[in-house]
Amino acid sequence: MYSILKKIARREVASYATLFVLAVSLYVAPNQAFAQNDDTQVAKSGSIYSYPGFGMPTDVIGATTVTTGLAGIGMYDPTTSNLSNPGIWALYQYSVGSFQFGLTNHQAEDTFGSAKNSLFSLDQFHFVAPLVKGRLGLSVSMSPVTRSNFRLYQEGTFTAGPDNITFGVDEQGAGGMSRLEVGLGYRITRGLSVGAAIGSYVTSLDNETFIYFSSLRYTPVVFSESFRGTDLGARFGLFYRTQPKEGRPYDLEVGLTYQPSLEMELERSKEGFKSIGGQTQLVNLDVDQSNQFGIIKTAPEFAVGGTVTMNRATMISAEWMQQQWGEAKFELDAEEEAMYSNRSKVGFGIQYHPFRRVTRNGFFHNMKYAVGVSHDSGHLTISGNDIVTNKLVLGLGLPGRRSTSSVDFTFTVGSRGVDRDNLPVETIWGVGVSLNLAEIMFVRPKFQ
Amino acid sequence: MMPNRTFRVNSFAQAASMLAFALLLFVGCEEPGVVGGAFIDDEGNLVTNEFPVKEMTPTSSVSYSGRLDVVPMGHYNDPLFGEITSVGLIRPDLNSITLNRIDSTETVALKLVFNGTEYGDTLSTAFFDVYEVAEPWRGKQLRYGDQISYDPTKKIGSFAIAQADTALIPMPEDWIFRYNGFISDTTTATDSTYVFDMPGFAIVPDVSRSQKMVFLDLGTDASGTVESETTRLFSEDTTGTFQYQRMADWGAAVQREASILQPTTSYKAMNTFEAFQKIDYEFTRESLVSQNLARVEMIFYEDTELLEGSLPGGHVRPAVTRANIHIVDEGDVGEEVFAGSPVFTTVKDTSINGFRFNLTSTANLFLFDTLQTHKYYLTVETNNGSFQQTVLHGPDSPNESKRPHIIVTAIE
C-alpha cells in the first residue's frame with residue numbers, strides 16, 4: 001500500500017513540477033522574449049492606455065471565478081485555487097494549483113488613425129497547499145500587478161534652421177510590476193477565516209524608441225529606456241461563509257480584501273548607440289543623473305465580494321473594488337502621474353456547474369458554464385475623461401473525467417476609453433485558458 | 001482497485017498549447033498605427049536649439065600655383081576678388097613615348113586644350129601671346145604672386161580664345177632645332193640643361209584686350225587620355241602620322257590686385273587659400289540640450305546678393321560646390337590646409353546656398369568623451385588651379401538669418 005501511495009505521490013509531484021517549470025518559463029518569457037522589440041514578433045503589445053506611468057493595473061483573478069472575469073473575493077471552491085482572497089486559503093482540503101494565460105487583442109481607434117495590438121501573456125501561477133486541512137493553508141503565487149505593453153507610433157514636424165522635417169516616433173514598451181508572493185490563510189471559526197500574504201514586488205519596464213526623419217541628413221535615432229525597482233508588499237483577506245444546509249452546500253459567502261500601497265524607488269537608465277568621434281558606441285544617455293531615480297507608489301486597494309449559491313450548481317457573485325490611484329505616484333513623469341485618478345470596478349457573474357448536480361445526463365452536463373460583466377472606471381482620467389473599461393466574459397469549463405482538475409476557457413469582449421477629446425477607443429477581445437489542478441497529494445484515499 | 005485520479009498535465013498542456021498556437025495564427029500580425037496622440041505628447045520631446053558661430057577670422061596663405069589640375073591664364077578684373085593676371089607656364093617633356101627626333105619635313109605645333117571653364121566676360125575674346133620663358137622655373141615651387149620673366153624677343157606665336165576650347169601654335173624652326181638637340185641627347189645631364197636652356201613657354205594674356213580667364217587642361221592623368229585631345233606638343237610627318245609630347249612641367253604666374261569691393265560683414269573664401277576663415281565655435285551642455293542628439297549641424301550661407309550683385313551681365317565665376325573644415329593646431333596653416341585632409345567636407349546645399357557641416361559626432365565627443373580644443377579652418381574646394389571663390393555671411397551680417405550658426409536637434 002505504501003509503495004502505491006509513494007508511486008502516486010511521485011507522479012503527483014512530477015505533474016506539479018512540470019507545471020511549475022512551464023509556469024515559470026512562461027512567466028519569465030514576457031519580460032524577456034516578448035519584451036524584445038522585434039518587428040517579426042507578434043502578440044506583444046496591449047492597450048495603448050498601458051503607456052502612462054508604470055503600467056495598467058492587472059487585477060488578480062482567482063481561478064474560481066476566472067470564467068466570469070471576477071476576482072473571486074467572495075467565493076470558495078475546493079477544486080480551484082483562489083488567489084484573490086488570502087482568507088480563502090485556509091479552507092482547502094487538498095492542494096490546488098492553477099495557471100492562467102491568454103491572448104488579448106486591442107483594436108484601438110481615434111481621430112488620427114487606428115492600431116491593432118495583440119498580447120500573449122501568462123496571467124498568473126498559484127499553488128495552495130493545506131498545512132492543516134481546512135484550517136491552515138499555504139499559498140505560493142506569481143502574478144502581475146501592473147502591465148505595460150504598448151506600441152505607439154506618432155508623427156510630427158519640426159523646423160531646424162532652413163529645414164521643415166517630418167519625423168516618426170515608433171515607441172514600444174514592455175514590462176510592468178510583478179509579485180512573487182507567499183501567504184497563509186487561517187480559519188478562526190467554522191465560518192470565518194483570515195489570511196495574509198507578503199510578496200516581493202519587482203518592477204521592470206523597458207521602452208525602446210526609434211525616431212526617423214524625412215531628411216536624409218538626419219540619421220535615425222534609437223534609444224532604450226528601462227526602469228527597475230523592488231520592494232516588499234502585503235495583502236490581507238477576510239472570508240466568511242454560512243454553514244451548509246440540507247440540500248445545498250452553502251447559502252452565502254462574503255469576502256473582504258485590503259492591499260496597502262507600497263512605495264518603490266525606480267532606477268531609470270537610458271541607453272543608445274551614438275557616433276562619438278567617428279566611432280559608434282553604446283552610451284548611457286543619462287549621465288547627468290538629474291532624473292535617474294524616482295519614487296513610485298501603488299494605489300491602496302479595498303475590495304468586497306459575495307456569492308450566493310442558489311442550489312448545488314448555480315452561483316451568483318457580485319464584487320466591488322476600489323483603488324485609490326489618486327494617491328499613486330510616478331515621480332519620473334509628473335505629467336503622467338497627473339493622469340492617475342481613483343478607480344472603482346464592479347462586477348457581476350453567474351456560474352452554472354451542472355456536473356455537481358446529483359443527476360448528470362449527457363455531454364453538456366459535464367461542463368461548467370459562466371457569464372460575467374464588469375464596469376471599471378479606470379485608473380486614468382485624461383482631459384477630464386475617465387478611461388472606462390466594460391467587459392463581458394463568457395466561460396466554459398471542462399472538468400477532468402476522473403479527477404477534480406479542470407481546464408477553463410474564457411472569451412472576453414469589451415471596450416476601453418471614450419470617444420471624446422480625440423482619445424482612442426479600444427475594442428478588446430480575448431481568450432484565456434486556466435489550468436486548474438486539484439489533487440490528492442495530502443488526502444488519504446477513501447478505500448484505505 | 002486503486003482509482004486512477006492522477007491528473008495528466010501533458011494532456012492539458014498539449015491542449016492549451018494547441019489552442020494558444022491556433023489563436024496566435026488567428027490573431028495575426030500587429031498593425032501599429034497613429035493612435036494615442038491626444039494624450040501622449042512624445043513628439044514634444046524633440047527639441048531644436050540654435051546658437052551662433054562666435055567668430056570668423058580671415059586668414060590667408062601664399063599657396064602653390066604650379067603642378068595643379070589646370071593652369072589658369074588670362075586677365076580679369078573682378079570687382080569682388082580683385083584684378084587677376086595669370087601667365088600660363090608650360091614646358092614640353094623630353095621623354096616622349098614615340099618622339100625621338102623631329103625631321104625637317106615635319107610640322108610641329110603646340111596644341112593647347114582648355115577645359116571649357118571661364119572666369120569673367122563670357123562674351124569676350126581673350127588674347128594671348130606665347131613667349132619663351134627667360135628663366136628656369138619649377139612648377140612645384142611656384143606660388144601665387146610669383147613672377148616669371150619671359151623674353152619678349154622670343155615670341156612663339158599668338159592666339160585668341162572666344163568660345164573655342166583649343167588653340168594651335170606652330171613652333172618656329174629655331175625652337176625645333178634647339179629642342180631636337182635635347183631629345184636626341186642621351187647624356188644624363190640633359191634634363192637639367194634643358195630646364196635652364198629651354199625653360200618653356202609663357203602664355204601671356206593681352207591685358208588691354210582680355211577680360212576673362214581660361215583654364216588649360218594638361219591631361220595629366222595618363223589613363224584614358226586621348227593624346228590628340230589634350231594639351232600636347234605634336235609633330236605631323238608627310239604621311240599624316242602624329243607624334244605627341246606631354247608637358248614636363250606647368251604652372252601659373254598669378255598676380256592679383258586688391259578688389260574695389262571690400263565686404264565688412266561677409267568673408268571671402270578662395271580655393272587658392274588667398275582667403276579662408278578661422279572658425280570659433282563652442283559647445284556647452286546647455287546649448288546641446290541633451291545627451292540624446294539627433295543632429296548637430298553648422299551652416300554657413302553664401303552672400304549671394306554680394307556675389308551676384310558684383311558681377312556685370314554675362315560675367316561668371318567658377319562655382320564653389322564644396323567646403324571643408326580643417327583642424328590645424330600646429331605648423332604652417334597654409335601648408336596644412338593645402339596638403340592635409342579636411343575633417344569635414346560638405347557639398348553646397350543649393351536650396352539655401354549654404355554649406356552644412358554635420359558636427360553630431362564631434363558634439364557627442366564633447367558630451368561623452370573629451371573634445372580637445374582645436375583650431376578649425378573653413379576652406380572651399382581644393383587648390384586645383386581654377387579660381388573658385390565665394391563670400392560667406394559672417395557673425396555680424398545684417399541678414400541675421402544668414403549668420404553662421406549651429407543647429408542642435410535633440411531628444412530631451
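Please treat every number below as a calculation from the coordinates, not as lab data. Since this is a predicted model, take the numbers as computed values, not measurements. Counting neighbours? That spans all protein chains shown, and the Cβs are built from the backbone with ideal geometry, glycine included.
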Calculate one ³J(HN,Hα) per residue across region A:100-105 by plugging θ = phi - 60° into the Karplus curve 6.51 cos²θ - 1.76 cosθ + 1.60, and present them in order as whole Hz with x for glycine and proline. 10, 9, x, 10, 10, 10
Which ³J(HN,Hα) values, rounded to whole Hz and listed in residue order, are derived for region B:104-121 from phi using the Karplus coefficients 6.51, -1.76 and 1.60 in 6.51 cos²θ - 1.76 cosθ + 1.60 with θ = phi - 60°, glycine and proline given as x? 5, 7, 8, 9, 10, 8, 9, 9, 9, 10, 9, 7, x, 6, 10, 10, x, 7
Specify the angular offset, from 0 to 90 degrees and rounded to the nearest 10, of the alpha carbon long axis of helix B:9-27 from the longest principal axis of the alpha carbons in chain B. 50 degrees
What is the fewest-to-most order of B:Glu330, A:Glu267, A:Glu337 by other Cβ atoms lying within 10 Å of their Cβ? B:Glu330, A:Glu267, A:Glu337
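Can you compute the FRET efficiency between B:Ala248 and A:Ser269 using 1/(1 + (r/R0)^6), with r the Cβ-Cβ distance and R0 = 56 Å? Round to the nearest 0.05. Could you put the intermediate results ahead of the total?
Working: r = 66 Å, r/R0 = 1.19.
Calculated value: 0.25.
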Distance from the Cα centre of region A:124-202 to that of region A:322-378, in angstrom? 15 Å
If you take the beta carbon distance between A:Leu192 and A:Glu336 as r and set R0 to 35 Å, what does 1/(1 + (r/R0)^6) give as a FRET efficiency, to the nearest 0.05? 0.25
If you fit an axis through the alpha-carbon atoms of helix A:2-28 and take the longest principal axis of the Cα set of chain A, what angle between them do you get, 0 to 90°, nearest 10? 20 degrees
Report the residue, chosen from A:Phe120, A:Phe112, A:Phe101, that carries the largest GNM mean-square fluctuation when chain A is represented by alpha-carbon nodes joined by springs under 10 Å. A:Phe112
Counting other C-beta atoms within 10 Å, which of A:Asp251, A:Asp110, B:Asp332 has the fewest, and how do the rest follow? B:Asp332, A:Asp251, A:Asp110
Amide proton proximity set for B:Tyr150, modelled H, under 5 Å, gap of 5+: B:Ala134
What average number of partner chain Cβ atoms lie no more than 10 Å from the Cβ of the residues making up A:99-109? 3
Mind checking the full-extension length gain between B:Ser287 and B:Ala164? Use 0.36 nm per residue of separation minus the Cα-Cα distance, one decimal, nm. 38.8 nm
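With Cβ to Cβ distances under 15 Å as the rule, what net charge do the other residues near A:Arg187 carry (K, R +1; D, E -1)?
Here the charged neighbours net out to +3.
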Checking the cross-link filter: which aspartates and glutamates have an alpha carbon closer than 18 Å to that of B:Lys155, excluding same-chain neighbours under 8 positions apart? B:Asp129, B:Glu132, B:Glu135, B:Glu173, B:Asp174, B:Asp197, B:Asp206
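Once you've got the Cα coordinates, tell me which of B:Lys140/B:Lys212; A:Lys270/B:Lys348; A:Lys345/A:Lys368; A:Lys116/A:Lys274; B:Lys278/B:Lys348; A:Lys274/A:Lys297 are over 28 Å apart. Spell out each step's value before the answer.
Details: B:Lys140/B:Lys212 25 Å; A:Lys270/B:Lys348 36 Å; A:Lys345/A:Lys368 25 Å; A:Lys116/A:Lys274 32 Å; B:Lys278/B:Lys348 19 Å; A:Lys274/A:Lys297 34 Å.
Result: A:Lys270/B:Lys348; A:Lys116/A:Lys274; A:Lys274/A:Lys297 exceed 28 Å.
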Can you give the FRET efficiency for B:Trp175 and B:Ile327, using 1/(1 + (r/R0)^6), R0 = 56 Å, r = Cβ-Cβ distance, to the nearest 0.05? 0.70
Which residue, B:Thr264, B:Thr321, B:Thr166, has the most motion in a Gaussian network model of chain B that connects Cα atoms within less than 10 Å? B:Thr264
Using the Karplus equation 6.51 cos²θ - 1.76 cosθ + 1.60 (θ = phi - 60°), what ³J(HN,Hα) coupling, rounded to whole Hz, does each residue of region A:423-435 give in order, writing x for Gly and Pro? 7, x, 10, 9, 9, 10, 9, x, 10, x, 10, 10, 9
